[in-house]
Structures are given as structure tokens and as C-alpha cells.
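Structure first, commentary second.
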Amino acid sequence: TLTQAEKAAVVAIWGKIAAQIDALGTESLERLFSNYPQTKTYFPHFDLSQGSAQLHGHGSKVLGAIGEAVKNIDNITGALATLSELHAYILRVDPVNFKLLSHCILCSVAAHFPNDFTPEVHAAWDKFLSQISSVLTEKYR
Ligand code: HEM
């Protein structure tokens, strides 16, 4: 679990991310699909060309869910319970893919806010995103 200092570091930069949810979400997905093309197999029904409306819409949803986790940082499991069931039981996304997406989100945040992305913020966000991934994959067991 996150320490108080790590929670503070996650929350500190969230305000800036929240103002650019669409851009950051879309960029994170573009990084995911171009760096790890195998992840595209979960989206056969999407137009995944760069800047497509579906990429923007889905990117906003993904970062929106991360925003819910930020707002409920003391109860991430509860905040993401429905999404956890969706990814495990219906979508059946292989857990390895969560590490890949988390990495791409981290890169997007770092690229947009280089001055805020201190080693402490980097480490806190890395831990926070892996906690979200644990919640979204815990139903698989
Ligand atoms: C759907 C969040 C990781 C594949 C969704 C939705 C959200 C979401 C909010 C929309 C749910 C709805 O419409 O009710 C997240 C978060 C993730 C994550 C926060 C981790 C940080 C992944 C990964 C994959 C994936 C790693 C696969 C590579 C999908 C698919 C859908 C979906 C296929 C359904 C898309 C559609 O048909 O609209 N996710 N997701 N997700 N997610 Fe994830």
C-alpha cells in the first residue's frame, strides 16, 4: 500500500493530468498500441488509427477511471470493483497487459509534465498504477 507521502505525491500532480485527460489518455493508448501491437487484439472492434474518435473516447475513459482511483485513494478496490469484474470476467485481458499500459501512462505523464515528474512522483505513480493493476486483475484468481 501507498505511504502517506506517496499518496500526496500522486494527488499533487493529478490536478494537471485531470485538465488533459483526453490528450494523455489518447497518447497512452497510442503508445500502447504502437509499442506493443499484440495489445490491439483486444480491440478488434475499434478504429485504432492515430487520433481516431474511439481512441480519444477510450483514452478519456481509462484516465477517468484512474481519476476515480485518485479520488478514492484509500479505497481503490471499492472504487474500481465494477471495472475489475469487467476486465476479469467479460474482457479477460491477460494481466501482463496491465504492466504495459501502466508503463505507457507513466511515459505520457512524464513527457507532458517533465518538471513535476521528480523521482519521488515517478516512484509514487509507478506504485499507484501497479496497485490499480492489482485491483483490476485480482478477480482472476
Ligand atoms: C474497457 C479502464 C487496462 C482492455 C475499459 C473501460 C475503462 C477501462 C474505464 C470502459 C468501461 C465501460 O465502458 O464501462 C482501464 C484501466 C486500466 C485498463 C484503468 C489499467 C490502468 C486495460 C488493458 C486492456 C484493456 C491493459 C487490454 C490491453 C479493455 C477493453 C475494454 C476496456 C477491450 C472494452 C472497450 C470497449 O469495447 O468499449 N477499461 N482499463 N484495459 N478495457 Fe480497460
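The values are calculated or read from the model by the stated rules, or taken from the named source; none is laboratory data. Just so you know, these numbers come straight off a predicted model, no measurement behind them. Please note: Cβ atoms are built from the backbone with ideal geometry, for glycine as well, and neighbour counts cover all protein chains shown. When the accessible area is computed, the model is the full protein with side chains, heavy atoms only, and any ligands, DNA or RNA have been set aside. Shrake-Rupley method; radii C 1.70, N 1.55, O 1.52, S 1.80 Å.
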For the chain, what % of the accessible area comes from carbon and sulfur atoms, probe 1.4 Å? 57
The chain, Cα convex hull volume normalised per residue, Å³: 101
Over the chain, the sum of -39500 (n - 2.57) across DSSP H runs of at least four, divided by residue number and rounded to 500 deg cm²/dmol, gives at 222 nm -21500 deg cm²/dmol
Let's see if you can work this out: charge +1 on each Lys and Arg Cβ, -1 on each Asp and Glu Cβ, no other charges. What is the dipole magnitude of the stretch 70-141 about its Cα centre, in debye to the nearest 20? 220
Would you mind computing, in nm to one decimal, how far apart the modelled labels at THR77 and SER130 are, each placed 7 Å from Cα along Cα→Cβ? 1.9
Let me confirm the definition first: pairs of Lys residues in the stretch 16-130, 8 or more apart or on different chains, C-alpha distance under 22 Å. How many are there? 11
